[in-house]
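Have a look at the structure below before the remarks.
The values are calculated or read from the model by the stated rules, or taken from the named source; none is laboratory data. Please read all numbers here as calculations on a predicted model, not as lab measurements. Cβ placement follows ideal geometry from the backbone for every residue including glycine, while neighbour counts extend to all protein chains displayed. Quick note on the areas: whole protein, heavy atoms, side chains included, nothing else; ligands and nucleic acids left out. Shrake-Rupley method; radii C 1.70, N 1.55, O 1.52, S 1.80 Å.
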Amino acid sequence: MRCLLLLFAKGQDLVSWFGCDLFIILPMTRKLTLEQELQEMRDTLRHHEHLYYVEDSPEITDAQYDALMNKLKKLEEAHPELVTPDSPTQRVGGKPREGFVKTAHSRPMLSLDNAYNEEELRAWDQRVRAGLPASEKVRYVCELKLDGLSMALHYGPGAHGSSHLERGLTRGDGTIGEDVTTNVRTIRSVPLSVSATKLKDAGLPQSFEVRGEVVLPQAAFLKLNEEREAAGMTPAANPRNAAAGTIRTLEPNIVAQRRLDLYAYFLLQGGETLLPTHSGTLDALKTAGFRVNQHAKAVATIDEVIAFIAKAEPLRDSLGYEIDGVVIKVDATAQQRRLGFTGKAPRWAIAYKFAARAGITKLEDVLFQVGRTGKVTPVAALTPVLIGGTTVARATLHNADEIGRLGVRIGDFVSVERGGDVIPKIVEVVEDKAHPRGTVEIVFPESCPECGSELVKAEGEVDWRCVNAECPARLREELLHFAARGVMNIEGLGDAMVSQLLTAGYVKGIADLYELKKEQLLALERVGEKSAQALLDEIERSKGAPLVRVLFGLGIRFVGERTAQLLAAHFGSIDALMAATAEELEAVNEVGPRVAQAIAEFFAEPRNRALVERLRKEGLTFTAEKRVTTSTLEGLTFVLTGTLPNLTREVAKEKIESAGGRVSGSVSKKTSYVVAGEEAGSKLDKATSLGVPVLDEAGLLELLERPAGA
Ligand code: IVH
């Protein structure tokens with residue numbers, strides 16, 4: 001019966017997709033098993049994802065796509081045993097995590113040397129030619145320099161001769177990256193698997209590595225910043241920072257909402273460039289289903305490179321994502337090898353950087369904003385001016401020192417620069433006949449513009465702060481920060497709601513949120529039964545947020561999401577954290593004296609201790625899984641291959657890492673152990689041929705349980 005229904009459902013899909021009734025009479029000649037049916041639905045979804053996210057040319061509407069996706073989800077829910085990890089439904093499968101595991105790159109991810117003008121570019125061309133035999137022709141490939149962050153994607157053997165995404169690593173320090181696989185899987189232009197046919201067409205083996213750039217499109221960036229501002233959070237400075245922050249977010253759900261994109265530009269195997277030319281690599285990547293930037297061109301002379309740059313620069317404002325230059329690479333892999341590397345960068349590539357975009361406008365006024373920590377920031381109100389396609393009306397003046405350094409007055413004309421940054425910078429005061437000086441001195445206020453209390457500047461710091469813990473501006477910012485997306489995620493507690501709650505006097509601090517009554521909410525403007533209940537539900541739900549979020553939400557100075565993660569993992573509970581001395585706090589990786597002091601000061605304050613106690617009574621989460629670090633595997637490198645009987649690859653890796661060991665993707669003479677499970681492939685062969693010891697899961701566990709030094 002089910003089978004019949006499915007066949008009917010399939011017929012309907014065809015009708016709705018092609019909008020053509022003729023398909024209804026197409027007989028279903030094949031009887032598919034449920035498994036085959038699911039596989040076909042997945043292939044169809046993949047095909048449409050590729051058209052949408054990679055080719056930018058969808059053939060079906062979003063609603064049609066959603067309908068099929070929902071159907072697949074329902075079927076998979078009914079038959080969980082048939083779910084495959086590369087199913088389009090599994091992009092956001094991961095749970096929030098406590099941290100990322102560090103993993104070595106197959107070969108270092110280098111940066112590029114820069115050229116800022118034609119002369120420097122021609123000098124580089126000369127160096128390239130001088131490094132190669134005079135008889136050899138040199139071809140270059142010009143690509144846009146995408147302003148994002150680089151990423152390594154590792155693919156390994158999947159079912160039926162396909163490849164599947166095993167791992168996504170950030171650049172990290174270039175040698176060791178962070179394993180952000182769960183987040184990378186949410187990027188729709190990253191294929192979760194590449195079919196055997198595509199591999200064959202592209203000439204790829206089943207195991208390979210793709211490197212590319214993750215970018216946050218401008219539209220997604222603007223939306224993100226609107227949300228952050230609405231939630232009272234500092235906007236991200238530029239799409240690159242926002243992309244980097246997003247990829248390191250511990251909640252894959254949030255990452256999935258952000259719509260990151262990945263453009264592929266390298267193809268490696270075992271750390272070596274796979275194909276004989278870079279232009280061929282870009283073609284192969286495209287054939288395999290990766291997104292490759294369309295503005296790439298192979299040329300034969302440096303003059304053509306310069307012509308490419310001249311055409312690329314004006315594209316900046318219409319691309320929809322940020323670029324900050326052009327990357328030029330020697331096309332032939334053999335020539336790249338011969339040219340080699342200097343320290344941190346290859347000799348066979350260079351980045352031509354565009355100049356920052358600037359404009360001149362008038363400083364109309366200076367506003368003083370009070371932030372969550374009481375910091376007062378001067379903000380320049382400018383006569384709106386168009387810079388590189390964006391209207392700029394505000395610029396940060398950072399602090400009183402910056403105003404002094406610039407010597408700027410109200411009424412001055414100033415030169416404003418917009419890099420990849422969303423908050424433009426005032427570079428200098430412009431003074432000539434057309435731009436006379438302003439006359440009004442900027443006076444930094446002595447008292448808080450919101451509550452009137454005296455501003456304070458701590459020794460050795462540049463910022464003036466309002467230290468009145470009850471300052472309404474601070475309280476507002478505190479609440480907005482606590483509720484924000486990415487913090488406690490309390491939907492419906494934005495600007496307007498927080499202002500109303502404060503004005504009505506229902507809320508005087510974070511803990512009061514948990515005592516709100518429905519009648520109170522109903523008494524507010526534009527709040528109906530439904531939205532009141534929704535907000536109360538959201539607040540209730542937030543009690544289940546993990547310790548990391550609560551710590552982040554408390555708004556301790558210098559404790560951002562990352563530090564909160566480290567603290568939660570290290571101390572395991574708020575009690576242990578509150579009891580920690582500055583010295584113990586500094587023992588946490590990445591926590592310096594400044595941060596340690598801020599945390600200690602925060603918890604020394606009776607008001608904050610009382611807040612913690614009230615939140616505890618309300619039932620918020622104050623414990624986390626503690627990560628104990630022993631150092632029994634210090635200095636050892638492991639390679640995992642095949643399927644282990646009990647541990648997932650991720651868990652095995654985490655265990656090794658937290659014991660001080662390293663996990664690498666490829667076997668070499670330096671590998672200490674290969675941990676092999678069922679269906680271990682070429683890595684096991686290589687280990688055997690190199691004489692690297694091989695462990696099974698039990699062997700690994702034994703090693704992990706061995707006391708340090710044994
Ligand atoms: S090639 C060793 N190609 O620019 C080769 N990089 O300044 C390095 N980038 O770390 C990478 N677009 O994050 C390459 N088309 C492109 C790029 C690109 C942006 C970034 C990349 C790299 C940085 C170097």
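In the range 577-600, what residues are open to solvent by 10 Å² or more (accessible area, probe 1.4 Å), assigned to a helix (DSSP H, G or I) and free of Cβ contacts under 8 Å to residues at least 40 places away in the same chain? Scanning the range 577-600 gives Met578, Ala579, Ala582, Glu583, Glu584, Glu586, Pro593, Arg594, Val595, Gln597, Ala600.
Considering only residues that are in a loop (DSSP other than H, G, I, E, B) and either touching a strand residue (DSSP E or B) at 6+ places or on another chain (Cβ under 8 Å) or within 15 Å of the ligand (Cβ to nearest atom) (or both), look in the range 257-277 and name the one that is nearest to Lys145 (Cα to Cα). So that I can check it myself, show each step before the final result.
Step one: filter the range 257-277 for residues in a loop (DSSP other than H, G, I, E, B), giving 259-260, 270-271, 274-276.
Applying the additional criterion that residues be either touching a strand residue (DSSP E or B) at 6+ places or on another chain (Cβ under 8 Å) or within 15 Å of the ligand (Cβ to nearest atom) (or both) yields 260, 271, 274-276.
On the way: Leu260: 17, Gly271: 22, Leu274: 22, Leu275: 22, Pro276: 22 Å.
The extreme case among them is Leu260.
All conditions but one from (1) open to solvent by less than 10 Å² (accessible area, probe 1.4 Å); (2) within 16 Å of the ligand (Cβ to nearest atom) apply to Leu315; the one that does not is (1).
Consider the range 467-518 and keep the residues that are at positive phi and under 25 Å from the mean Cα position of the chain (by Cα). The one that is modelled with the lowest pLDDT is Gly486.
Just one of the numbered conditions (1) more than 16 Å from the ligand (Cβ to nearest atom); (2) surrounded by 17 or more Cβ atoms within 10 Å (Cβ to Cβ) is not true of Trp348: (1).
Go through the range 1-78 and tell me which helices (runs of 4 or more DSSP H), entirely inside it, have 2 or more residues that are at pLDDT below 50. Walk me through how you get there before you give the answer.
Values: elements: 2-18, 34-49, 62-78.
Counting at least 2 such residues, we get 2-18.
If only residues of the range 107-145 that are within 11 Å of the ligand (Cβ to nearest atom) and at pLDDT 95 or above are counted, the one that is most open to solvent (accessible area, probe 1.4 Å) is Lys145.
A search for C-beta distances below 9 Å between a residue of the range 483-502 that is without any contact (Cβ under 8 Å) to a residue 40 or more places away in the chain and any residue that is among the acidic types (Asp, Glu) and open to solvent by 10 Å² or more (accessible area, probe 1.4 Å), counting only pairs 6+ apart in sequence or on different chains, returns Ala496/Glu525; Gln500/Glu525; Leu501/Asp512. Do we have Glu634 as charged (D, E, K, R) and closer than 17 Å to Phe100 by Cα here? Here the answer is no, as Glu634 does not meet what is asked. In the set Ala393, Ala381, only one residue is more than 22 Å from Gly320 (Cα to Cα), of a type in the set (A, V, I, L, M, F, W, C), part of a strand (DSSP E or B) and without any contact (Cβ under 8 Å) to a residue 24 or more places away in the chain; that residue is Ala381.
Does Gly148 count as within 14 Å of the ligand (Cβ to nearest atom) and crowded, with 21+ Cβ neighbours inside 10 Å? Explain how you work it out, then say what you get.
Values: within 14 Å of the ligand (Cβ to nearest atom): yes; crowded, with 21+ Cβ neighbours inside 10 Å: yes.
Answer is yes for this residue.
Note on the range 240-257: among residues that are closer than 20 Å to Tyr53 by Cβ and open to solvent by 40 Å² or more (accessible area, probe 1.4 Å), the one that is modelled with the highest pLDDT is Gln257.
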